[in-house]
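Data block below; observations after.
The values are calculated or read from the model by the stated rules, or taken from the named source; none is laboratory data. Just so it is clear, the model here is predicted, and its values are computed rather than measured. All Cβ positions, glycine included, derive from the backbone under ideal geometry; neighbour counts span all protein chains shown.
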């Protein structure tokens with residue numbers, strides 16, 4: 001969007017001052033963690049506000065050579081990928097008839113997903129724990145955590161995707177139908193590729209939510225199966241004396257989410273706005 | 001379904017032509033209700049095929065556990081053997097009489113209102129500021145959103161280190177400029193712990209508010225503020241009279257999201273304080289998790305879950321009726 005240049009609403013020195021303060025407060029804790037990881041515990045104790053002097057690489061080296069860290073990262077990645085694929089596939093399949101078919105129970109069906117937004121995982125957490133560990137015997141597995149997470153990601157996914165699918169041009173699908181293509185074929189070969197931008201958006205949202213999730217993994221995963229947030233939390237309590245080590249561990253755990261955010265910034269932002277409008 | 005198959009097998013062209021002409025006549029979208037009966041069965045199967053995976057997932061992992069929590073709330077059950085000890089509303093009576101739980105409800109509502117009273121004006125101010133044509137605006141927007149992307153746990157662990165009594169950075173900085181710090185640290189002092197958690201939450205979630213408000217401001221046409229400017233309105237007047245009123249729907253939606261999020265608060269509290277000190281920062285979610293998983297009081301946890309859901313639901317419905325309805329009516 002081309003904005004017309006006016007002299008109006010430009011920043012004065014005060015605006016820049018406020019902006020600088022905001023940046024300092026926002027990034028301060030993140031930088032404290034990252035720089036703290038480059039210091040020794042002795043440096044941190046002597047002067048908490050100081051810069052690394054000398055720069056210590058031991059803490060970070062300790063984290064990246066720690067097999068537990070890679071184990072947690074692998075678990076987080078696997079769980080987030082399964083969650084994302086299941087939520088996006090089931091979500092776009094459900095959104096498709098809600099966008100394209102006319103049938104009596106269409107709006108009530110959509111309402112089921114809208115109402116789903118009101119059920120936080122916290123409400124169902126204890127029965128979910130029993131269901132997954134005892135009834136399904138999926139406790140401490142990737143699928144055991146990914147399936148409930150996908151189910152709780154579905155409402156957002158459907159609510160964002162339905163208007164997106166509605167906005168896609170119908171002509172291509174109608175032409176394919178005239179050529180005798182089946183509905184399922186049309187969905188698979190035409191609707192799905194056309195809705196790729198929307199799928200990426202909801203996929204990124206589901207991935208980030210899973211990557212950052214804590215409550216459900218806390219109840220369902222132990223030992224080798226823990227994800228990064230659990231690993232970070234446990235590491236910080238188990239090594240509470242080793243502040244520098246904790247900061248290094250936490251900082252490295254931040255990197256994947258930050259990189260994903262920087263790469264997908266537009267998608268995340270438009271997805272959140274879509275969720276708000278929907 | 002079989003008859004449809006027979007028709008297609010005998011003369012595939014005819015079925016397609018008929019379908020196309022039916023659509024032309026009724027002028028409906030593909031899959032419209034105007035098709036003859038035998039198509040209808042097929043359409044139902046297709047709809048079922050498309051929605052089945054999602055509905056099955058929701059049924060198993062959302063609906064069943066929610067009902068199961070409700071059922072659990074009427075039994076005394078420690079998690080072993082069948083659920084037989086029916087106690088009626090006794091669990092609810094115990095939960096509602098438990099000071100820890102009622103305090104937790106109060107804490108949730110403190111966070112709900114504090115978020116609106118603090119984060120809304122702050123977020124609005126920052127959005128208006130970042131909407132100005134200043135240097136590095138894009139970078140600023142990215143930076144302000146960074147805390148939102150981090151996991152609550154990871155942000156919590158860093159803040160936990162920052163807030164360490166005596167040795168932490170925050171206390172060191174405050175002491176060096178002569179500000180007195182509490183003996184037990186900010187998270188260790190019952191009167192300050194909840195406020196401290198709220199400050200960290202504000203740091204974490206302000207970016208979302210700013211981002212949404214900025215997006216809403218993009219929808220405010222330049223012409224309006226330019227016209228106002230020609231009429232001699234100051235920058236502040238155009239914001240107050242034009243931008244903020246036009247932003248109202250976005251603000252109302254943000255308030256809704258913020259309320260729901262505040263009622264479900266768990267991760268940050270669990271990491272920073274675990275609900276302590278002396279239950280000063282418990283929330284409904286930390287209460288039901290500690291009752292359910294640490295003490296195996298499943299009935300109590302179930303009752304707390306139902307109360308949490310009812311409060312959230314009542315708030316959502318009330319807000320929908322009182323506030324959000326205006327937006328849908330306008331649309």
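Worth pointing out:
- Residue within the range B:176-184 that is outside any loop (DSSP other than H, G, I, E, B), more than 25 Å from residue A:237 (Cβ to Cβ) and assigned by TED's automatic domain parsing to the domain that holds residue B:215 present: yes
- Any chance residue B:108 is surrounded by 16 or more Cβ atoms within 10 Å (Cβ to Cβ), more than 21 Å from residue A:13 (Cβ to Cβ) and within 14 Å of chain A (Cβ to nearest Cβ): yes
- From B:233, B:209, residue being part of a loop (DSSP other than H, G, I, E, B), touching a helix residue (DSSP H, G or I) at 6+ places or on another chain (Cβ under 9 Å) and either closer than 30 Å to residue B:138 by Cβ or outside the structural domain of residue B:107 (by TED's automatic domain parsing) (or both): B:233
- Selected residue (criterion: nearest to the other protein chains (Cβ to nearest Cβ)) from residues of the range B:58-77 that are more than 22 Å from the chain's Cα centre (by Cα) and crowded, with 23+ Cβ neighbours inside 10 Å: B:72
- Failed criterion for residue B:135 (all others in (1) part of a loop (DSSP other than H, G, I, E, B); (2) at the interface with another protein chain (Cβ under 8 Å from one of its Cβ atoms); (3) within 29 Å of residue A:41 (Cβ to Cβ) hold): (3)
- Every residue from the range A:224-243 that is more than 10 Å from every other protein chain (Cβ to nearest Cβ) and within 19 Å of residue A:52 (Cα to Cα): A:241, A:242
- Any chance residue A:194 is surrounded by fewer than 20 Cβ atoms within 10 Å (Cβ to Cβ), more than 10 Å from chain B (Cβ to nearest Cβ), farther than 30 Å from residue A:253 by Cα and in contact (Cβ under 8 Å) with a residue 12 or more places away in the chain: yes
- Qualifying residue in the range A:180-187 (condition: buried (at least 21 other Cβ atoms within 10 Å of the Cβ), at the interface with chain B (Cβ under 10 Å from one of its Cβ atoms) and without any contact (Cβ under 8 Å) to a residue 60 or more places away in the chain): yes
- Residues that are over 14 Å from residue B:91 (Cα atoms), assigned to a loop (DSSP other than H, G, I, E, B) and at pLDDT below 90 were ranked within the range B:276-315; the one that is farthest from the chain's Cα centre (by Cα) is B:295.
- Residue in the range A:152-161 that is facing another protein chain (nearest Cβ under 9 Å) and free of Cβ contacts under 8 Å to residues at least 40 places away in the same chain present: yes
Okay, residues lined up against (1) in contact with a strand residue (DSSP E or B) (Cβ under 6 Å, 6 or more places away or on another chain); (2) more than 7 Å from chain A (Cβ to nearest Cβ); (3) modelled with pLDDT under 75:
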| position | (1), (2), (3) |
| --- | --- |
| B:25 | no, yes, yes |
| B:56 | no, yes, no |
| B:79 | no, yes, no |
| B:85 | yes, yes, no |
| B:98 | no, yes, no |
| B:104 | no, yes, no |
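- The lone exception for residue B:93 - which of (1) crowded, with 17+ Cβ neighbours inside 10 Å; (2) modelled with pLDDT of 90 or more it fails: (1)
- At least 3 residues being surrounded by fewer than 15 Cβ atoms within 10 Å (Cβ to Cβ) and at pLDDT below 90 is the threshold, and among the helices (runs of 4 or more DSSP H) wholly inside the range A:16-113 those reaching it are A:41-46.
- Residue count for the range B:161-180 satisfying the condition of being facing another protein chain (nearest Cβ under 7 Å) and within 30 Å of residue A:210 (Cα to Cα): 2.
- Counted residues, the range A:205-223 - those being under 16 Å from residue A:138 (Cα atoms) and either at the interface with chain B (Cβ under 10 Å from one of its Cβ atoms) or touching a helix residue (DSSP H, G or I) at 6+ places or on another chain (Cβ under 7 Å) (or both): 6
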